[in-house]
């Protein structure tokens, strides 16, 4: 009896080792060809450096497919075992290649980004202690949030170049529940036919109505005579911190 139980336990342990582990980050499948754990659901990110190279292997010595600039959204398919590189969809990077995937350093991408909108004057600081005001007061600006800790948001200081500034979380406007921001100039698709019919500028804000596959239904100009519904590709949307 004990021998049979030991055999059963051994089999269970072997099966557990063979099956892919479930991870908190939402990936379960190891892809040996692409050397990455593949995400179950699509993740998106924003480039947070001046220029980011996308390579043919998860190493800085790999050949470069192309480079993309600060603020550009990308679609993230997986992450390497050491967590140092993301596997990217090359088409989402705007890179033309006969390959589908490329690698970029994870530290250069803010995954699952959120934005803070300065709908009123906000003070920017050089440190998360309120020392040395940086860039003075800002309003009518969207800030990419890099992290949140001890009552402070670390944000990207400008829209076009990397660099960090700090905003007190208590100063953040609190009227953006359910709102999303367009992170890049992109196309809108007709609410009924899904035909491309106009474009929308980066940092336009709207309300999220629903999600279907790779697209989200948005309401823009809400509460005005010009309000309208349209579909936007998920890669170009990020939630606004409330």
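State whether one or more residues within region 229-238 are exposed (fewer than 15 other Cβ atoms within 10 Å of the Cβ) and in contact with a strand residue (DSSP E or B) (Cβ under 6 Å, 6 or more places away or on another chain).
The answer is no; no qualifying residue exists.
Does residue 55 fit the bill of being modelled with pLDDT of 95 or more, outside the structural domain of residue 213 (by TED's automatic domain parsing) and more than 17 Å from the chain's Cα centre (by Cα)?
In short, yes.
Hey, any hits in region 190-213 for a residue that's crowded, with 17+ Cβ neighbours inside 10 Å and either more than 21 Å from residue 118 (Cβ to Cβ) or modelled with pLDDT under 90 (or both)?
No: zero hits.
Given the criteria touching a strand residue (DSSP E or B) at 6+ places or on another chain (Cβ under 6 Å), closer than 29 Å to residue 209 by Cβ and buried (at least 17 other Cβ atoms within 10 Å of the Cβ), does residue 111 qualify?
Taking the combined requirement at face value, the residue does not satisfy it.
Which one is farthest from the chain's Cα centre (by Cα), of the residues in region 60-82 that are surrounded by fewer than 16 Cβ atoms within 10 Å (Cβ to Cβ) and in contact (Cβ under 8 Å) with a residue 40 or more places away in the chain?
Taking the candidates together, the pick is 62.
Residues of region 149-166 being on the phi < 0 side of the Ramachandran plot, loosely packed, with under 13 Cβ neighbours inside 10 Å and either at pLDDT 90 or above or in a strand (DSSP E or B) (or both), which ones?
Passing the criteria: only 149.
Which strands (runs of 3 or more DSSP E) sit wholly inside region 62-142 and have at least 1 residues that are at pLDDT 90 or above, on the phi < 0 side of the Ramachandran plot and out of contact with any helix residue (DSSP H, G or I) (no Cβ under 7 Å at 6 or more places or on another chain)?
By residue number, 64-69, 73-79, 85-89, 101-105, 109-111, 114-118.
The values are calculated or read from the model by the stated rules, or taken from the named source; none is laboratory data. Treat the numbers as computed from the prediction; the structure is a model and nothing was measured. A quick note on method: Cβ atoms are made from the backbone with ideal geometry, for glycine too, and the neighbour counts reach across all protein chains shown.
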